[in-house]
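Here the structure comes first, spelled out in structure tokens, and everything after it is commentary.
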There are 4 protein chains.
Amino acid sequence: MIDLRSDTVTKPTAAMREAMYRAEVGDDVYKEDPTVRRLEELASQMLGKEDALFVTSGTQGNQIAVLTHCRSGNEVLLEQDSHIFYYEGGAISAFAGVQTRTIPGNKGEMDPRQIELAIRGNDIHEPETGLICVENTHNRAGGAIVSAENMKAIFEVATAHAVPVHLDGARLFNAAVASNCSLKEFTQYTDTVQVCLSKGLGAPIGSIIAGPKEFITSARKWRKRLGGGLRQVGTIAAPGLIALSEMVDRLSEDHHHAKILAEGIGSVNGLEVVNTVDTNIVLVDVSGKKLTSNEFIEKLSDAGVKAVSFGPSVVRFTTHYDVSKQEIEEALTFINSI
Amino acid sequence: MIDLRSDTVTKPTAAMREAMYRAEVGDDVYKEDPTVRRLEELASQMLGKEDALFVTSGTQGNQIAVLTHCRSGNEVLLEQDSHIFYYEGGAISAFAGVQTRTIPGNKGEMDPRQIELAIRGNDIHEPETGLICVENTHNRAGGAIVSAENMKAIFEVATAHAVPVHLDGARLFNAAVASNCSLKEFTQYTDTVQVCLSKGLGAPIGSIIAGPKEFITSARKWRKRLGGGLRQVGTIAAPGLIALSEMVDRLSEDHHHAKILAEGIGSVNGLEVVNTVDTNIVLVDVSGKKLTSNEFIEKLSDAGVKAVSFGPSVVRFTTHYDVSKQEIEEALTFINSI
Amino acid sequence: MIDLRSDTVTKPTAAMREAMYRAEVGDDVYKEDPTVRRLEELASQMLGKEDALFVTSGTQGNQIAVLTHCRSGNEVLLEQDSHIFYYEGGAISAFAGVQTRTIPGNKGEMDPRQIELAIRGNDIHEPETGLICVENTHNRAGGAIVSAENMKAIFEVATAHAVPVHLDGARLFNAAVASNCSLKEFTQYTDTVQVCLSKGLGAPIGSIIAGPKEFITSARKWRKRLGGGLRQVGTIAAPGLIALSEMVDRLSEDHHHAKILAEGIGSVNGLEVVNTVDTNIVLVDVSGKKLTSNEFIEKLSDAGVKAVSFGPSVVRFTTHYDVSKQEIEEALTFINSI
Amino acid sequence: MIDLRSDTVTKPTAAMREAMYRAEVGDDVYKEDPTVRRLEELASQMLGKEDALFVTSGTQGNQIAVLTHCRSGNEVLLEQDSHIFYYEGGAISAFAGVQTRTIPGNKGEMDPRQIELAIRGNDIHEPETGLICVENTHNRAGGAIVSAENMKAIFEVATAHAVPVHLDGARLFNAAVASNCSLKEFTQYTDTVQVCLSKGLGAPIGSIIAGPKEFITSARKWRKRLGGGLRQVGTIAAPGLIALSEMVDRLSEDHHHAKILAEGIGSVNGLEVVNTVDTNIVLVDVSGKKLTSNEFIEKLSDAGVKAVSFGPSVVRFTTHYDVSKQEIEEALTFINSI
Ligand SMILES: [Ca+2]
Ligand SMILES: [Ca+2]
Ligand SMILES: [Ca+2]
Ligand SMILES: [Ca+2]
Ligand SMILES: [Ca+2]
Ligand SMILES: [Ca+2]
């Protein structure tokens, strides 16, 4: 089975398993796990932030950011197809008590002027704008890279209105590698950032949030409330260290594979690639095949390839470490056969 | 001063003051106030619902509806310029813990197909759709009437997906009078409804929510939590009874005045009426005057007419009982002079 | 029927009805109601605070105080039988997201040392102590006066730990009159305070919260979210003004009546007054009559006297303006007959 | 350094590290991780519940239980020194919006009659009692075992009032081993239960919640919102399996060590053991030494033994797998030297 559902399905590498086996550990609730501290320090350096914190998932990192930046009665501006809005179970309203105000994006990029218009004033009828969230790469826009220019323009608007910015950078490594630049090129334009270790980088579990020291201190407490204060966390931080130090550059292979996949699919009658393939995601409209996305996925699964639905007629393919170039070509053969 | 800011500025009539003076009262927390019970019964009949409850404001009525229909972690679908989303301080997220998902409207009407697409499925990543809110007339769309047809189509989608519908009918009386039909023509297509007594109907304070008996029982408790459980509430229910029984039909005058105002403004250079004037609201784009809405309002106020800003270049005028036809004509003279 | 259930059942006096009839009103959401402003100014003076705000009920005032002082994740210290904890539907946890930590009182007074021990430290496992609430007079302790000395000691502990204090003074007027001192004697030892106009003072509706200017500005917004932003509120503020200016001193009559009632009941076989009757409340243990409180109340109601249950074997009687000395004596006769 | 601060400091055994290394994994968000499924099945069998769910911590398990059982506006009854109330950052109020009502325990056991009195009725002023939480063993009561008889009596009261019961069984294994009975002896008297794998059982990370199938389905979604939906979770579930299958019985050693420690401390002048040592926790009053708990702990730490403060004059020692009998004896020597 060639699993192109998500880069989350990556399994830990042999080196990661070895690292888990040998991990030096301590009780992280007492801040005594040396491995997770090394991971947090490396992450804060790579992300250009004062401090960083290990969390168990991207959702947890994003939720902590909202809980720390905002208070109940605030409003959060975010892209209308963003993960925080679309895929986190409405948790930011359930837990942080904030209202979501969505901005339509163009390939994941929000228009800074629309953001400025959406920032609330001082009226007694209106919630206070507490946070702006950017997602990069943007999942539902097909792994689209939000340019540093766009992030800069949004950050300037935000700063002018004293509203903080949080970056959901679950796949920020993909953006940086595909743009051939450092993470800081992007993170300089955000107050806080969340990055995932368990997607393209292949770690079994975990994400990082980074930001100012004071933010991380408060975030640590919200993490505890969410049940993310763990004990001998070095066991999962150890593969995270490998993810950060050894697995970033190779993402370019995944991007190359996605381009091969997109080209191949583009030449199939009845299938249309609907995103610019910036990174490792290919979105395909299957309606030309007279099939719904779910019907298409089922046939594909029978043929030995897994993908996920991204709407009634759109299917998402995601390339990652566990799928080789040869498997991409096999997948294309199967796709062709439907 | 001719006050066209809002129909909320209406002051109680002499008959209402007389009614307050004579009101038979009791302690409504013990359900012993006969006047408020009469008001609630009359309202439930007019609205075609099993039961009704007096609340202190439209915002309170809407909040109670959301708290009663939903639970934390749910998502609410509502028009992107609706009062509940725009003007209630983000309270539905702060108090009920629900996420707002906005649908763009056309003159206040949401497309039932867009609503259907926005209703969430069973995925573990997604909040459950807990409520659909309709606003009629739609304030920010310029007092636009949402047709019974549109409400019916939305209600059918909602019912098919077992999602309840709440109607923010703060100005539903205007919709009914302007459509020359009964309130029930609209309320048959909603599970619960909120109507305001203190806008066009001229009561000093109060709104009504109506719905199934069980809903009202639960709503009564949420009202208590919000601090809306009052004592000798007959004092303000008495003018509410007059509002419901004597003040509805005369709203046609306000609508007539709004049309006069809109026609007059339409012939002024540099001003453009931007809404279809269905009821008592006129939205005017003042950018042709090279003025922002706030600059225009200030000049107008100096001249003796009050209005409110509805965005950087749009001004809202609202007609009501306390502004006579002659005052409308005076207002036009002042507007002309800017 | 002699209604001794609560002082909330007081009905507006003739002067209050007259005041409603003549009230000068405006739209208070625009801060243009002159009568409510007069009421708020008088209240802030009497309470010795910078500013004050009219709210629709004691519950609403208390909820606003918690929402304004605290943020979600905080803990509030309050007496274990206090109104905010016992009778407000768990609203402070539902709306403000705060945890309640109760302290047992002695006749309504909490031990300042116990409060100090309960204030949380800096540990990552613990909520931050966000507020201490005092209730005076204390309802479930039988209208017990919390002494200024006790309030001072609590305030000092609170201030030393930078925790604000809120006073639920729903019946603070009773405490002041019975202590023969001004309200400020008590309110000097609290940051914010809520007082009810609709209990012993006889107004039909309403309470006041008072505190620093900045607190009131923020409170006004939370009031709006709760649906307590009203329109022509002068209609109910007018009787409130009479309540504050004309009805306070006469509370001594109610206290006198309560003492007569308590003495009379004390001499009945099988009945025992279980509270020190500081003000207008008498708590009676009826178990000597081999009756539950509810059985006793039912018999009493048949005889023409109303009271409420305060636990399985305790009945509460509350004296107020609408019950004369003669009616107290009649009530005693009925009580004797059971 | 002999670390007696907590049994959470236990480090994974060699077998656990080996298990991590070899763990068969999959993406658990897609329910495809075979190891975590094996763990959940074994746990549900041992706990006698229909289904079980892996969570990242005891706090997360407890929070999920409250979020699943309750809705905002409910009240939860729990022991006044319980972990959920004392050590979870007020999270159940912040996230689930429930009010905490505490019951004083006797060695961790709540009086079922007090619980029955605390269950709320149908009054509009009162929150609905949504859940009763029991903690076994009870941490702050010194690892006290709550007897199955007490749990049964509480469960019967709860069931009679249709209120569910949740057991915070972070150290339930200790209770079972010390009582020489199965876990089911206790869990038969609760609807849902949380047990920790990372305390005495030595797993690096994780807890289990168990209950009815429908409960677990809903719990899974709340876990996702809290950020506890992980990917290749088999890596940490593998040591959890060893914890459950190989590490339970040996807890009797820890209990034996605690008894040795308690006896030794009991004979030291100025130190007093203040708990009945049911399991692996010893609480010591150090005030006879004219030291605060923190001063005592610092001296002890200099001598090579770690413990934690449990109040101004009480110190907690916890025995566990990583402290041998010989180390206990060394610790006693150090303690004697202070
Ligand atoms: Ca992975
Ligand atoms: Ca492969
Ligand atoms: Ca009005
Ligand atoms: Ca009254
Ligand atoms: Ca009378
Ligand atoms: Ca451990």
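The values are calculated or read from the model by the stated rules, or taken from the named source; none is laboratory data. Everything numeric in this text was worked out from a predicted model, so none of it was measured. Glycine also receives a Cβ, built like all others from the backbone with ideal geometry; neighbour counts cover every protein chain displayed. Note: areas computed on protein heavy atoms with side chains; ligands, DNA, RNA excluded. Shrake-Rupley method; radii C 1.70, N 1.55, O 1.52, S 1.80 Å.
Here is how the numbers come out for the structure above:
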{"quantity": "Label 7 Å beyond Cα on the Cβ vector: residue A:1 copy-to-copy distances, nm", "calculated": "4.6, 7.0, 7.1"}
{"quantity": "Average Cα contact separation per residue, segment C:151-304, under 8 Å, 6 or more apart, as relative contact order %", "calculated": "17"}
{"quantity": "Cα principal axis extents for segment B:273-317, largest first, Å", "calculated": "28, 21, 14"}
{"quantity": "Dipole of segment B:159-286, positive end: most advanced residue of B:260, B:233, B:181 [Cβ charges, Cα centre]", "calculated": "B:233"}
{"quantity": "Paired Rg and Dmax values of chain B, which use every Cα atom, in angstrom", "calculated": "20.1, 61"}
{"quantity": "Accessible-area order (highest first, 1.4 angstrom probe) of the listed residues B:41, B:327", "calculated": "B:41, B:327"}
{"quantity": "Fraction of beta bridges assigned by DSSP in segment D:215-338 that are antiparallel (%, nearest 5)", "calculated": "100"}
{"quantity": "Antiparallel bridge percentage (DSSP; both residues within segment A:8-147; nearest 5)", "calculated": "15"}
{"quantity": "Two-decimal log10 I(q)/I(0) for segment D:1-142, as the Debye equation yields it once each C-alpha is a single scatterer, q = 0.09, 0.11 Å⁻¹", "calculated": "-0.40, -0.58"}
{"quantity": "Solvent accessible area, Å² - residue C:184, 1.4 Å probe, full protein context", "calculated": "100"}
{"quantity": "Built amide H within the under 5 Å cut-off of residue C:74, gap 5+", "calculated": "C:99"}
{"quantity": "Accessible area of residue C:145 in the full protein assembly, 1.4 Å probe (Å², nearest 10)", "calculated": "40"}
{"quantity": "Check: segment D:204-338 dipole with +1 on Lys, Arg Cβ and -1 on Asp, Glu Cβ, in debye", "calculated": "1040"}
{"quantity": "Segment A:190-256: relative contact order as a whole-number percent, Cα under 8 Å and 6+ apart", "calculated": "35"}
{"quantity": "Position residue A:287, label points 7 Å along Cα→Cβ, spacing to each other copy in nm (shortest first, one decimal)", "calculated": "3.3, 7.5, 7.7"}
{"quantity": "Residue of chain D nearest the D-to-C rotation axis [by Cβ], rounded angstrom distance", "calculated": "D:93, 2"}
{"quantity": "Alpha carbon convex hull of the protein assembly as shown, volume per residue in cubic angstrom", "calculated": "167"}
{"quantity": "Mean Cα-pair separation over length for chain C, i.e. relative contact order, pairs under 8 Å, 6 or more apart, %", "calculated": "25"}
{"quantity": "Cβ-vector label at 7 Å, residue A:274, separations to other copies in nm", "calculated": "3.1, 6.6, 6.9"}
{"quantity": "Computed accessible area, residue B:140, all protein chains, 1.4 angstrom probe, square angstrom", "calculated": "40"}
{"quantity": "Neighbourhood charge, 15 Å Cβ-Cβ cut-off, centred on residue D:18 and excluding it, Lys, Arg +1 and Asp, Glu -1", "calculated": "+2"}
